[in-house]
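The values are calculated or read from the model by the stated rules, or taken from the named source; none is laboratory data. All of these numbers come straight from a predicted model, not from anything done at the bench. In this analysis, Cβ positions are derived from the backbone assuming ideal geometry, glycine residues included, and neighbour counts consider all displayed protein chains. These area figures cover heavy atoms from the full protein model, side chains too; ligands, DNA and RNA do not enter into them. Shrake-Rupley method; radii C 1.70, N 1.55, O 1.52, S 1.80 Å.
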Amino acid sequence: MTYWSTETLNTKIPSQGLIAPFNEEQIQRCAYELKMGPEAFITATDGKKKTVLNKGECILIPPGQFALLLTEEVVKVPLNAIAFISMRFGVKQKGLINVSGFHVDPGFAGRLKFSVYNAGSREITITRGDRVFMIWYSSLDHTTSDGYPKCNDNQNTISSKDQNLMHGDVASPNQLKKEINGLKHSLDWNKWLLQIIIGLLIVIGVRFYFMEYLTTVKQDDIQRLRYELREEIVQELKQTAYQPLSEPTQ
């Protein structure tokens, strides 16, 4: 298996019509840089439908969301070669990860669909025409008869089948972190309130003990105790209402 050099790419791609439209400037260090194309589907999109991009329009991929991206170019792989695909380092550095396949079968013809995931902490902006993807060609030892089946029209667009496979809510790490912090905040509140209740019960128990064994219980004493306990509970609740609790970390 031999990877094609820049010189080989410059010769074979235009002569065999392997990438269209072809631009010699997009050949960099023995790879061809593919552009963001006319369609994308993002799992966080309102209405759960694909986005059609005109020239110069962009998409935003939120953190923790998947997207399906279509290349601008139509790619062909001859039966005597195989191709390998990835994303440019500048895009991956922002946190965008390719989670789809990493090779293109011999005999394939059509636009490439990249399934990606934003593992970063910020939105990632991609504009139609940006050089986002990369493809390398490598020769097989001989021409194969076991090529990719003939592509249909769905290969050049993000089909309804593609979208259905990606439907559903995605629990991003940031959202999960917020929910965990919210549960922790609620647990801290309940523990603090439970401590107050336990303390009041202890006070009530002690007072009744002394009233029963050390004094003669009178109706006035019971009424006074009820009044004092009610006042203590009111004071505790007032302090609770004005005492700020730590907010969950965002």
With respect to residue 97, is the statement that it is within 24 Å of residue 56 (Cβ to Cβ), out of contact with any Pro (no Cβ under 9 Å at 6 or more places or on another chain), β-branched (Val, Ile, Thr) and at pLDDT 90 or above true? no
So, residue 125, is that one surrounded by fewer than 16 Cβ atoms within 10 Å (Cβ to Cβ) and either of a type in the set (A, V, I, L, M, F, W, C) or under 20 Å from residue 60 (Cα atoms) (or both) or not? yes
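Residue-by-condition table, conditions (1) touching a Gly at 6+ places or on another chain (Cβ under 9 Å); (2) open to solvent by 10 Å² or more (accessible area, probe 1.4 Å); (3) not in a loop (DSSP other than H, G, I, E, B); (4) not basic (Lys, Arg):
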| site | (1), (2), (3), (4) |
| --- | --- |
| 11 | no, yes, yes, yes |
| 22 | no, yes, no, yes |
| 41 | no, no, yes, yes |
| 45 | no, yes, no, yes |
| 54 | no, yes, no, yes |
| 63 | yes, yes, no, yes |
| 82 | no, yes, yes, yes |
| 101 | no, yes, no, yes |
| 115 | yes, yes, yes, yes |
Output the residue which, of all residues in region 84-99 that are farther than 21 Å from residue 156 by Cβ and without any contact (Cβ under 8 Å) to a residue 24 or more places away in the chain, is surrounded by the most Cβ atoms within 10 Å (Cβ to Cβ). 92
Condition first: open to solvent by less than 80 Å² (accessible area, probe 1.4 Å) and either modelled with pLDDT of 75 or more or within 19 Å of residue 228 (Cα to Cα) (or both). Now tell me which residues in region 186-196 satisfy that. 196
Kindly indicate the residue of region 65-80 that is at pLDDT 95 or above and open to solvent by 40 Å² or more (accessible area, probe 1.4 Å) and also nearest to residue 18 (Cα to Cα) among those meeting that condition. 76
Applying the selection to region 103-113, what residues are open to solvent by 20 Å² or more (accessible area, probe 1.4 Å) and within 18 Å of residue 40 (Cα to Cα)? 111, 113
Counting only residues that are assigned to a loop (DSSP other than H, G, I, E, B) and of a type in the set (Lys, Arg), how many does region 24-39 have? 1
